[in-house]
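Written out below as structure tokens is the structure these notes cover.
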Amino acid sequence: MEISRYLIKGGRVIDPETGVDGLFDILIEDGKIASIENPQSAIQNPKSKIIDATGKLVTPGLIDMHTHLREPGHEYKETIETGCLAAAHGGFATICCMANTDPVNDNQSVTDYILKKARMAETVRVYPVGAISRGLRGENLADYGELKAAGVVAVSDDGNPVMNAQLMRRALEYAKGFGLLVIAHCEDRNLTANGVMNEGITATRLGLPGIPNAGETVMVARDIALCELTRASLHIAHVSAEGSVRLIREAKARGLPLTAETAPHYFSLTEEAVINYDTNARVHPPLRTAKDRDAIRLALADGTIDVIASDHAPHSSIEKDLEFEQAANGMIGLETSLPLSLQLVEMGLMKLNDLVARMSINPARILNLAHIGLKPGNPADLTIIDLKKRFTVDANAFQSKSRNTPFNGRELKGRAVLTMVGGKIVFDEARE
Ligand code: DOR
């Protein structure tokens, strides 16, 4: 059995939940945080194993509330086991997985299956997201009572929009009754149609059909109106467009129960990433312009966007080694999300404390998780980060089964070196 007594010494502890930011030692016993003390108090516990975090950052276990694990159904792209390993290596102690598996997670047996596989993987915590509609078809609602009892923390048809506004209204009302969050994939399929990248001069030059910003913003506006009507908790997934940011900012100012997330590719890249027809840069919603990217960065800094989530979307060469127009949407992100996000701090665009909040505390609050932050008595979920570590992204070294990242070969600075879940080390760079 693994030692469950650790003393993490000498690290800079940042916990936006408790407001802690400074040098502290953390004692972990029986899988839980026993105490957090000033190093001068010299916690003594001869039975604990020392983890030296000198010069490193210690944060609450990071949470990625938007991933695709592909199991059941597409195990050649990712399994729950490999997805969990990728998460642990990326610094995530907890992840949510979307319902667009095969079969779709619209019932108890699929949720049970995912939770069983996650338990067997014995790495990170996995919270499944159930489907809004049966089969993600946007016609009939799934049974939220059944899904909630089975263990889902939210419902979403992610990958597909709910095109019928009346069905979306009913989903919000129904989910509210069960205290479930609704996560909206905002896309108007009539506007996005056969588009494969952002609409504009670059798409015209490349001869590729475009997707206008309105393909997203029209649905963000609709869903905000439905949030106002129902007063149900609504979370907007993968925000990519400036206009969406404006609408969300305004709706939040009016006090609606609305939250939002973006993914690292929307604040790290623009549509220029597509100019070599790199299918790894094909994603939905598409990479936008510098103006959109800058609006996303500002929205993250001022809190309009609450969460950074990877939208980890593994695809194999079968779906990606194709002509751009034939390729699948999506890129993997679990193993690059933290380093890419840290670049915002490095560039002076965000405070480190705020970044930690967007990647740990905020998703925990939005998902209504039971234990939040590094408090004595809470399960010892934490991430140790080396802010100075420079490395080159090497997709072939990823834990994920898939390789579809446009960031391969990129020089980055800062990454997780240890991930702990319930007092168990699930990733330790020193042991790799
Ligand atoms: O690019 C995407 N890929 N966007 C989505 O919304 C779904 C995801 C997937 O499942 O591959």
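Numbers for the structure displayed
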quantity	calculated
Every pair of residues 6+ apart whose Cβ atoms lie under 6 Å, when the first sits in the range 405-422 and is at pLDDT 95 or above while the second is among the aromatic types (Phe, Trp, Tyr) and not in a loop (DSSP other than H, G, I, E, B)	THR419/PHE427
Residues within the range 297-320 that are within 16 Å of the ligand (Cβ to nearest atom) and surrounded by fewer than 24 Cβ atoms within 10 Å (Cβ to Cβ), tallied	5
Meets criteria (assigned to a helix (DSSP H, G or I), buried (at least 20 other Cβ atoms within 10 Å of the Cβ) and out of contact with any Pro (no Cβ under 9 Å at 6 or more places or on another chain)) for VAL245	yes
Answer from ALA328, ALA281, ALA290 - the residue that is within 14 Å of the ligand (Cβ to nearest atom), of a type in the set (Gly, Ala, Ser), over 24 Å from ILE366 (Cα atoms) and surrounded by fewer than 20 Cβ atoms within 10 Å (Cβ to Cβ)	ALA328
Selected residue (criterion: farthest from SER341 (Cα to Cα)) from residues of the range 240-269 that are among the charged types (D, E, K, R) and in contact with a strand residue (DSSP E or B) (Cβ under 7 Å, 6 or more places away or on another chain)	LYS252
Candidate set from the range 176-196 (those that are assigned to a helix (DSSP H, G or I) and within 15 Å of GLY138 (Cα to Cα)); member that is nearest to the ligand (Cβ to nearest atom)	ARG189
Count of the range 127-164 residues which are within 15 Å of THR101 (Cβ to Cβ), of a type in the set (Val, Ile, Thr) and away from the ligand (no atom under 16 Å from the Cβ)	1
Any chance GLU199 is under 22 Å from PHE324 (Cα atoms), away from the ligand (no atom under 16 Å from the Cβ) and without any contact (Cβ under 8 Å) to a residue 24 or more places away in the chain	yes
Matching residues, the range 222-246, being hydrophobic (A, V, I, L, M, F, W, C) and over 16 Å from ALA165 (Cβ atoms)	ALA237, VAL239, ALA241, VAL245
Residues within the range 33-76 that are assigned to a strand (DSSP E or B) and either surrounded by fewer than 18 Cβ atoms within 10 Å (Cβ to Cβ) or without any contact (Cβ under 8 Å) to a residue 12 or more places away in the chain (or both), tallied	5
Qualifying residue in the range 331-338 (condition: of a type outside the set (Phe, Trp, Tyr) and away from the ligand (no atom under 16 Å from the Cβ))	yes
Some residue of the range 224-239 being without any contact (Cβ under 8 Å) to a residue 24 or more places away in the chain, closer than 27 Å to LYS413 by Cα and not small (Gly, Ala, Ser)	no
Residues that are outside any loop (DSSP other than H, G, I, E, B), more than 12 Å from the chain's Cα centre (by Cα) and within 16 Å of the ligand (Cβ to nearest atom), drawn from the range 87-119	VAL110, ILE114
Residues of the range 390-407 satisfying the condition of being surrounded by fewer than 16 Cβ atoms within 10 Å (Cβ to Cβ), in contact with a strand residue (DSSP E or B) (Cβ under 9 Å, 6 or more places away or on another chain) and of a type outside the set (Ser, Thr, Tyr)	ARG390, PHE391
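The values are calculated or read from the model by the stated rules, or taken from the named source; none is laboratory data. Predicted, not measured: the structure shown is a model, and the values here were computed from it. Positions of Cβ are backbone-derived with ideal geometry, glycine not excepted, and every protein chain shown enters the neighbour counts.
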